[in-house]
Amino acid sequence: MTVQYRDGIEIELSDGTRVVCDADEPDEDVAVVSHAHGDHLPATGTTAVCSPLTAAVGTARMDGQLQATSDPRINLRPAGHVAGSRATVVEDPDSTRYCYTGDISTRSRAYLDGFEPPDVDVLIVEATYGEPGYEFPPHEQVAGEIVDWLAETGAPVLLLGYAFGRAQKLQLLAERAGRDRVLTTDGVLRVNDPIESALEITFPAEPFDDTDLRPGDALVLPMTSGRIDWIDRLADEAGAVTAGFSGWAVESSFKFRGDFDVTFPLSDHCDFTELLALVDEVDPDRVYTQHGAATTLATELTARGHDATALKQGQTSLGQF
């Protein structure tokens with residue numbers, strides 16, 4: 001039985017079955033999609049083990065249709081990352097239990113319950129913030145600071161966060177702060193729809209459609225890898241204040257790299273100490289770290305007495321169990 005990082009995370013079971021999680025081009029016996037962020041979705045429509053909400057949001061965000069299925073060897077558990085996100089627990093015929101976390105957060109917040117550590121033998125854990133220094137304040141503290149800032153800021157505000165996950169929470173925080181109008185883009189509204197239907201909640205945003213911004217407005221915009229020129233022009237024309245929201249905001253450089261007026265460490269991931277606590281609680285026989293600071297986290301976990309290895313893409317064999 002092996003765990004490998006190829007196109008996605010591949011778990012080969014004792015009977016030869018290949019379970020592959022979050023592959024770009026699934027071609028295995030069992031495909032799993034943990035959640036509907038672009039770097040975890042398949043490149044085209046497919047059928048995969050995933051939550052119905054992940055299938056609905058994924059279909060709204062990708063070319064083709066993502067269809068949800070199930071498999072008796074797989075148990076999906078709420079991952080606490082974004083709406084519909086699931087960690088994957090796989091039961092091998094030889095009774096070995098594996099867990100691929102995907103992206104996770106153990107903090108409950110807004111409409112999400114935090115991830116609860118499973119009883120497994122092998123843990124494959126994300127390491128986005130897997131190095132010392134990445135520690136987030138309590139969620140309600142950050143949310144309260146955001147609401148206070150929104151309530152005290154008279155100018156229009158441009159709130160930049162991921163279109164799926166952060167953008168929905170920002171809409172709710174802007175409403176909580178009493179902003180006159182909450183506006184957003186069509187792309188965010190497309191994501192809102194299936195979440196509202198599945199979770200029976202309502203997001204307050206109206207379509208932006210180049211509306212003239214007024215002082216009490218909050219415009220929620222997708223954060224991209226690079227600032228789009230029209231956002232800067234819009235901020236200048238409307239006299240708006242720009243705010244960025246990410247776990248990376250614990251670093252002062254995030255504000256300057258993104259050219260934000262203000263930033264807040266609002267994250268949908270575990271921070272470093274939460275990752276350590278998670279692995280300690282699971283206490284698996286073997287830990288694999290992947291994504292982000294995988295090597296640093298594996299080193300830290302090894303120092304704490306865990307058998308930990310960083311997954312490297314293309315490595316052909318990572319050990320027998």
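Read the figures in this text as sums done on the coordinates, not as results from a lab. Everything numeric here is computed off the predicted structure, so don't read it as measured data. Ideal geometry is used to build each Cβ from the backbone, glycine not excepted, and the neighbour counts take in all protein chains shown.
The figures follow:
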quantity: Sequence-separation-based contact order of segment 87-131, relative, with Cα cut under 8 Å and 6+ spacing, percent; calculated: 36
quantity: GNM flexibility winner over the chain from 230, 149, 248 (Cα, springs under 10 Å); calculated: 230
quantity: Estimated dipole of segment 170-275 in Debye, rounded to 20 [Cβ of Lys and Arg +1, of Asp and Glu -1, Cα centre]; calculated: 240
quantity: Gain in span if fully extended, residue 201 to residue 312, counting 0.36 nm per residue against the direct Cα distance; calculated: 36.0 nm
quantity: Segment 139-264 pair-distance distribution - Cα-Cα, 10 Å bins, rounded %; calculated: 13, 48, 34, 5
quantity: More than 13 angstrom apart: percent of Cα pairs within segment 169-225; calculated: 59
quantity: P(r) of the chain over all Cα-Cα pairs, binned every 10 Å from zero, in whole percent; calculated: 6, 26, 32, 23, 10, 3, 0
quantity: Among beta bridges that DSSP assigns inside segment 139-264, antiparallel share in %, nearest 5; calculated: 0
quantity: Virtual spin-label span in nm between residue 119 and residue 2, 7 Å along Cα→Cβ; calculated: 3.1
quantity: Simple spin-label estimate for residue 261 and residue 17 in nanometres, 7 Å along Cα-Cβ; calculated: 5.5
quantity: Nearest 10 degrees, 0 to 90: helix 272-282 Cα axis against the chain principal axis; calculated: 40
quantity: Highest-MSF residue in the chain out of 198, 293, 143 [GNM, Cα springs under 10 Å]; calculated: 198
quantity: Dipole axis of segment 166-321 (+1 Lys, Arg; -1 Asp, Glu on Cβ), positive-most option in 238, 293, 256; calculated: 293
quantity: Residue 307 long-range amide H proximity, modeled H, under 5 Å; calculated: 287
quantity: Estimated FRET transfer efficiency when R0 is 35 angstrom, pair residue 180-residue 24 (beta carbons, to 0.05); calculated: 0.25
quantity: Separation between Cα centres of segment 208-251 and segment 84-125, rounded to whole Å; calculated: 34
quantity: Considering only the chain, percent of DSSP beta bridges that pair antiparallel, nearest 5; calculated: 35
quantity: Additional length obtainable on full extension of the chain from residue 140 to residue 251, 0.36 nm per residue less Cα span; calculated: 38.0 nm
